[in-house]
Amino acid sequence: MPDNDERTPLITPAVPPNQADYGGTEDARDAMSKFVVNNVAGESGRKLPQYIAGLAASGGALAAGTFLGWTAPTDKPLTQQMEYGFPISDEAFSWIGSISNLGAAVMCFPIGYMMKLIGRKWSMLAMVLPLVLGWLLIIFAENVAMMMVGRFFLGVGGGAFCVAAPTYTAEIAQPSIRGTLGTFFQLMVTVGILFVYAVGAGVDVQMLSIICGIIPLVFGAIFFFMPESPYYYVEKGRFSEASGSLKKLRGAQYDENAEIEDLKQADAKMKAEAITIVEAFRQKATIRALCISLGLMFFQQLSGINAVIFYNSAIFASANGGEEMSSASIIVGGIQVVATLVASAVVDKVGRRILLLVSDFMMAVSTILLAVYFQLKEDDPSKVSDLNWLAVLAVCLFIAMFSIGYGPVPWLMVGELFANNVKAFASPLAGVFNWLLAFLVTKIFTNLKDAMGEAGVFWLFSGISLAGTVFVFFVVPETKGKSLNEIQLLLSGEKPTASDQVSVQEAKSDDTVPQVA
């Protein structure tokens, strides 16, 4: 997502402050040439290496998307056709589908410490191991337990990427392209889901798993050659290595000294403002930001998104889709990719609240349509014999509306609502809450369907989405165009003083590097 607090690039003066100590015209000319190199159109350096590194990091998002989408094309082959030669009940498959979310939740806090300890690059490369191990366990599974353990490991690797890849991308990119690179992660997740839907339509479960298992290996082979985040090196006081990293990311002719100083100041400020978790959650702004963030995560997951993603094949089959709807999941995946692209283009133009309101209300409409369809089917199947298209239309509308609002915006707002010195505590907390809710929804969806009927489940999801719309309208503030200081004042209920106005203006030109969760 586009970064809303992007920093004006630090401009190197024509003659550095210490230039008077030398007094030579050659030195002054040298400094002027560096100024020109670093300030063409306000920002210098090559952008292509940054795009390449950002795309390489997003290969982890592609791997995460494959494990998220894997259950949709494998449900029927595993539970009804017994492709693996051993029985898998609907209850067992609900565990197989949902347990990966527990693995992801487990990694939200450890991955932050790993990135501080061994760096962003090596933390992501280390996640190739659980991903490959997870796919191997699934490929050679001889029982349900092996599949469940494999899926748990996939969640560990994929969940870690959901924290590490956006952090790495934000830290390597210059302000002018940080927003664009920030869209790569969510986009590649949806591409991964679409990839699994498309490939899964033409191969058996084992071959699909083999193909998915190759993706993290390809990611590792490519990402191995990418540079480490320069901010990590600055954190560790390894300034020469930070310079080398910036040279690789901006080009050999780039004068990195000004940016290094910028990163040093951001790091020093972060360390000076460090507070304990107890102090953090005594602040009114932090408490309110946490309530908003957790509320958004609650309504995101309880809208039923993971149930629709994981089980859309079963939904279509239950809607009497038959063979003519065999491509429906692929269509859904394509819609998700396109809608995510649309969201990335408009989120900084129309604002967060309007996207959330439209998204949640239309998701409620979509699930109401599904509820009505299944209610009619339960009453008299003949009533819906010509309405099979309605279920597909409702699911497609649901996915599109989720992807333009409630999919990406809650994660974007988590980064905007919390002050920098509390993000290390708050961001992982929101992540754990989100993954645990995802586990809950995917695990109990089958049980709810058995207890309430398909119509009852979608009536429940529609009611929750309507409640989420009310929550956004009355509780969630608009953060578009506001600096971090303005948002903190808004959350604390304070009016800015004259000194605050000055600090706000400084903050708008002071885009500190996003911090590790």
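Of the numbered conditions (1) within 25 Å of L491 (Cβ to Cβ); (2) within 28 Å of the chain's Cα centre (by Cα), L263 satisfies every one except a single condition; which is it?
(1)
Select from segment 371-412 the residues that are open to solvent by 10 Å² or more (accessible area, probe 1.4 Å) and polar (S, T, N, Q) and list them in ascending order.
Q375, S382, S385, N388
Identify, by number, the condition in (1) touching a helix residue (DSSP H, G or I) at 6+ places or on another chain (Cβ under 6 Å); (2) farther than 11 Å from F402 by Cβ; (3) at pLDDT 80 or above that S329 doesn't meet.
(3)
Take L187 and tell me if it is part of a helix (DSSP H, G or I), among the hydrophobic types (A, V, I, L, M, F, W, C), out of contact with any Ser or Thr (no Cβ under 7 Å at 6 or more places or on another chain) and open to solvent by less than 50 Å² (accessible area, probe 1.4 Å). Steps first, please.
On the way: part of a helix (DSSP H, G or I): yes; among the hydrophobic types (A, V, I, L, M, F, W, C): yes; out of contact with any Ser or Thr (no Cβ under 7 Å at 6 or more places or on another chain): no; open to solvent by less than 50 Å² (accessible area, probe 1.4 Å): yes.
Taking the combined requirement at face value, the residue does not satisfy it.
Looking only at segment 441-448, decide whether some residue is open to solvent by 40 Å² or more (accessible area, probe 1.4 Å) and either polar (S, T, N, Q) or not in a helix (DSSP H, G or I) (or both).
yes
Do we find a residue being out of contact with any Pro (no Cβ under 9 Å at 6 or more places or on another chain) and at pLDDT 90 or above anywhere in segment 251-259? Give the steps one after another, and end with the answer.
Filtering segment 251-259 for residues out of contact with any Pro (no Cβ under 9 Å at 6 or more places or on another chain) gives 252-255.
Pick out the ones that are also at pLDDT 90 or above and you get none.
No, that holds for no residue.
Residue by residue, here is whether (1) open to solvent by 10 Å² or more (accessible area, probe 1.4 Å); (2) in contact (Cβ under 8 Å) with a residue 40 or more places away in the chain holds:
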| residue | (1), (2) |
| --- | --- |
| E241 | yes, no |
| K248 | yes, yes |
| Q253 | yes, yes |
| D262 | yes, yes |
| K271 | yes, no |
| T276 | yes, no |
| M297 | no, yes |
| V308 | no, yes |
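Tell me, yes or no, whether segment 202-213 has at least one residue that is within 30 Å of G65 (Cβ to Cβ), crowded, with 23+ Cβ neighbours inside 10 Å, under 22 Å from the mean Cα position of the chain (by Cα) and in the same structural domain as C162 (by the TED database).
Within segment 202-213 (the criterion being within 30 Å of G65 (Cβ to Cβ), crowded, with 23+ Cβ neighbours inside 10 Å, under 22 Å from the mean Cα position of the chain (by Cα) and in the same structural domain as C162 (by the TED database)), the answer is yes, since at least one residue qualifies.
The values are calculated or read from the model by the stated rules, or taken from the named source; none is laboratory data. Since we're looking at a predicted model, the values are computed, not measured. Cβ atoms come from the backbone with ideal geometry, glycine included; neighbour counts cover every protein chain shown. These area figures cover heavy atoms from the full protein model, side chains too; ligands, DNA and RNA do not enter into them. Shrake-Rupley method; radii C 1.70, N 1.55, O 1.52, S 1.80 Å.
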